[in-house]
Amino acid sequence: MGRPDPKSTISFPQRLILQNRFLAEDTKSILSSVLRFLALRLRESRARILHGHVVRKRRIHAFMAQALPKRLHFGAGSEIIPGFLNSDMLGNLPINICRKLPFGDDQIDLIYTSHLVEHVHKEDFKFFLRETRRILKPRGAHIIATPTIEKAATNVYGNGIDVLSTLMEPHRPFMQEDFLCPAHYLNHLMRWYDHKWLYDKCLISGLALEADYSQVESVSNFDVPDADLRGHLIQTKDVVWDLETETFILTK
């Protein structure tokens, strides 16, 4: 799941609140968060009712019986990677990464997430790392693509106004100032999209090693070891996604 455009992911009532110049910033933040929380809970409940439990178990069983290699894509949204079991908590195969994953030990060859782990709290991410390691086969890999603090800071302080302008373009309707600063982008990245915690290589590596992964490496976003995944990324990801994303390979 690449970085969403705020104009498409923010509901009309939220947009009215965020663009209102008469409300205090704290008031706008609280009202917008409440609306988003309620909307997400309703969508999660709908997905659980329609596709959870027996339906989900049947789909997972069919995939595990047929797929070689066995590859999972969590937080897929509308992004379907061919050959992967594509799951999204709000979709037709709802799996909550903050809970025990519905797979046995040592079953999975590859796990991929893109712009997902920053949407959960750090303690939930640590639990997710332990769970992904549990279900991976020996020497299996968990590939994490996520916006990082280090890359964001490098982009906006080291690459000039053109890069900053490209990254900030989706946010202009929600800005009160008529000029751009690196601080605008960094605050939007940390506060928007329901982001809970942002990482860098040091923190990803430390948490992965704590979860008993044997190795962590950073690679180019389009240089992942799986050919099907690599082709999908080359075809679907844009320059903004590449600018703000770092990719890490965690090996069991």
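Residues that are under 25 Å from H121 (Cβ atoms) and buried (at least 18 other Cβ atoms within 10 Å of the Cβ) within the range 171-183 comprise just one, H171. Inside the range 217-226, residues that are of a type in the set (S, T, Y) and in a strand (DSSP E or B) make up a count of 1. For the residues I143, I95, the requirement of being hydrophobic (A, V, I, L, M, F, W, C), under 17 Å from the mean Cα position of the chain (by Cα) and part of a loop (DSSP other than H, G, I, E, B) singles out I95. L129 passes every criterion in (1) closer than 30 Å to I108 by Cβ; (2) at pLDDT below 85; (3) assigned to a helix (DSSP H, G or I) apart from (2).
Listed by first and then second residue, the pairs with beta-carbon distance under 6 Å, at least 6 apart or on different chains, first residue in the range 230-252 and under 27 Å from D106 (Cβ atoms), second charged (D, E, K, R), are I249/E217; K252/R133. Counting only helices (runs of 4 or more DSSP H) that sit wholly inside the range 1-89, those with at least 1 residues that are at pLDDT 75 or above and within 23 Å of the chain's Cα centre (by Cα) are 54-66. Filter the range 221-252 for residues that are of a type in the set (S, T, Y) and over 17 Å from the mean Cα position of the chain (by Cα) and give the result. Selection gives T251 alone.
The residue of the range 212-252 that is surrounded by the most Cβ atoms within 10 Å (Cβ to Cβ), among those that are of a type in the set (F, W, Y) and farther than 24 Å from R134 by Cβ, is W241. Scanning the range 179-216 for residues that are in contact (Cβ under 8 Å) with a residue 40 or more places away in the chain, more than 17 Å from the chain's Cα centre (by Cα) and in a loop (DSSP other than H, G, I, E, B) returns A211, D212, Y213.
Residue-by-condition table, conditions (1) under 15 Å from D242 (Cα atoms); (2) of a type in the set (D, E, K, R); (3) modelled with pLDDT of 85 or more; (4) touching a helix residue (DSSP H, G or I) at 6+ places or on another chain (Cβ under 8 Å):
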| position | (1), (2), (3), (4) |
| --- | --- |
| N155 | yes, no, yes, yes |
| G160 | no, no, no, no |
| L167 | yes, no, no, yes |
| F174 | no, no, no, yes |
| L180 | no, no, no, yes |
| Y199 | no, no, yes, yes |
| C202 | no, no, yes, no |
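For L167, the criteria (1) over 24 Å from E25 (Cα atoms); (2) touching a residue at least 24 places away in the same chain (Cβ under 8 Å); (3) out of contact with any Asp or Glu (no Cβ under 6 Å at 6 or more places or on another chain) hold in every case but one, which is (1). Restricting P102, P138 to those that are in contact (Cβ under 8 Å) with a residue 60 or more places away in the chain and more than 30 Å from C181 (Cα to Cα) reduces the list to P138. Looking at the structure I just gave you, is D162 of a type outside the set (A, V, I, L, M, F, W, C), surrounded by fewer than 21 Cβ atoms within 10 Å (Cβ to Cβ) and within 16 Å of V239 (Cβ to Cβ)? Criteria met by D162.
The values are calculated or read from the model by the stated rules, or taken from the named source; none is laboratory data. Predicted, not measured: the structure shown is a model, and the values here were computed from it. All Cβ positions, even for glycine, are placed from backbone atoms using ideal geometry, and neighbour counts span all protein chains on display.
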